[in-house]
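Notes follow once the structure below has been shown.
The values are calculated or read from the model by the stated rules, or taken from the named source; none is laboratory data. Quick caveat: nothing in here was measured; it's all calculated off a predicted structure. Don't worry about glycine lacking a Cβ; one is built from the backbone with ideal geometry, like all the others, and counts go over all protein chains shown. Only protein heavy atoms, including side chains, enter the accessible area calculation; ligands, DNA and RNA are left aside. Shrake-Rupley method; radii C 1.70, N 1.55, O 1.52, S 1.80 Å.
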Amino acid sequence: MAPDGDATELDVSRLIGALVIALKPDYVIETGAYRGDTTEIIGHALAFLGRGRLLSVEIDETRAAVVRQRVSGLPVTVVTGKAEDVMPDSPVDMLFVDSALDARMREVRAFRPYALPRCVILAHDSALPTYEPGVSEFFASMTAAVDDGIVQPWMRLPTPRGLAITRYR
Ligand SMILES: C[S@@+](CC[C@H](N)C(=O)[O-])C[C@H]1O[C@@H](n2cnc3c(N)ncnc32)[C@H](O)[C@@H]1O
């Protein structure tokens, strides 16, 4: 159900939107906006709640500009940059890491100082086949984040491409 191979599956984006409605985060960060499919759904979830903001970080300025237009009027800010270098201006209580596979766990580590105890972390693509480039290394980085005491063991939801959930330790 993905619009293309790089976009999140629509059903998974909707699941993330449902989690936003249930968890009611005040400050969500998404790394990697791409076309903005999940960005827009999170934005609508926050608008429905009438509270909370989303910061989406996209390294590609052209993509970021398109997404900015797409989420106009929603409580969403889209910034251009390398996500792990962004300093949040508020405590974070939901983090969706969906940028380059090799950057995602660096982002999880980088945002830890800004995370509230209630922060929920979502990592996409946790069930990709390991013959695809970078996937084994991504899984190893997820395991290392647990072994290093950064996050609790991942709950890997068996959607076709995988969505993993955890919390900081
Ligand atoms: C898998 S797509 C994101 C899909 C999107 N989150 C969704 O739900 O449809 C990955 C995106 O991350 C961006 N990206 C790659 N490395 C990044 C980084 N270090 N920081 C921010 N964005 C990055 C890419 O340009 C690409 O648009």
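Scanning the stretch 85-92 finds no residues that are in contact with a strand residue (DSSP E or B) (Cβ under 6 Å, 6 or more places away or on another chain), in a loop (DSSP other than H, G, I, E, B), within 11 Å of the ligand (Cβ to nearest atom) and among the hydroxyl-bearing types (Ser, Thr, Tyr). Summed over the stretch 48-72, residues that are part of a loop (DSSP other than H, G, I, E, B) and under 22 Å from PHE111 (Cβ atoms) total 5. Please go through (1) in contact with a strand residue (DSSP E or B) (Cβ under 8 Å, 6 or more places away or on another chain); (2) open to solvent by less than 60 Å² (accessible area, probe 1.4 Å); (3) of a type in the set (A, V, I, L, M); (4) within 14 Å of the ligand (Cβ to nearest atom) for ALA45 and return the number of the only condition it doesn't satisfy. So ALA45 meets the others, but not (1). Within the stretch 1-11, does at least one residue satisfy the condition of being of a type in the set (Val, Ile, Thr), modelled with pLDDT under 95, under 30 Å from ALA140 (Cα atoms) and open to solvent by less than 60 Å² (accessible area, probe 1.4 Å)? Within the stretch 1-11, one or more residues are of a type in the set (Val, Ile, Thr), modelled with pLDDT under 95, under 30 Å from ALA140 (Cα atoms) and open to solvent by less than 60 Å² (accessible area, probe 1.4 Å).
Residue pairs whose Cβ atoms lie under 8 Å apart, separated by 6 or more positions or on different chains, with the first residue in the stretch 55-82 and farther than 24 Å from ASP26 by Cβ and the second part of a strand (DSSP E or B) and among the polar types (S, T, N, Q), are ILE59/THR80; ASP60/THR80; GLU61/THR80.
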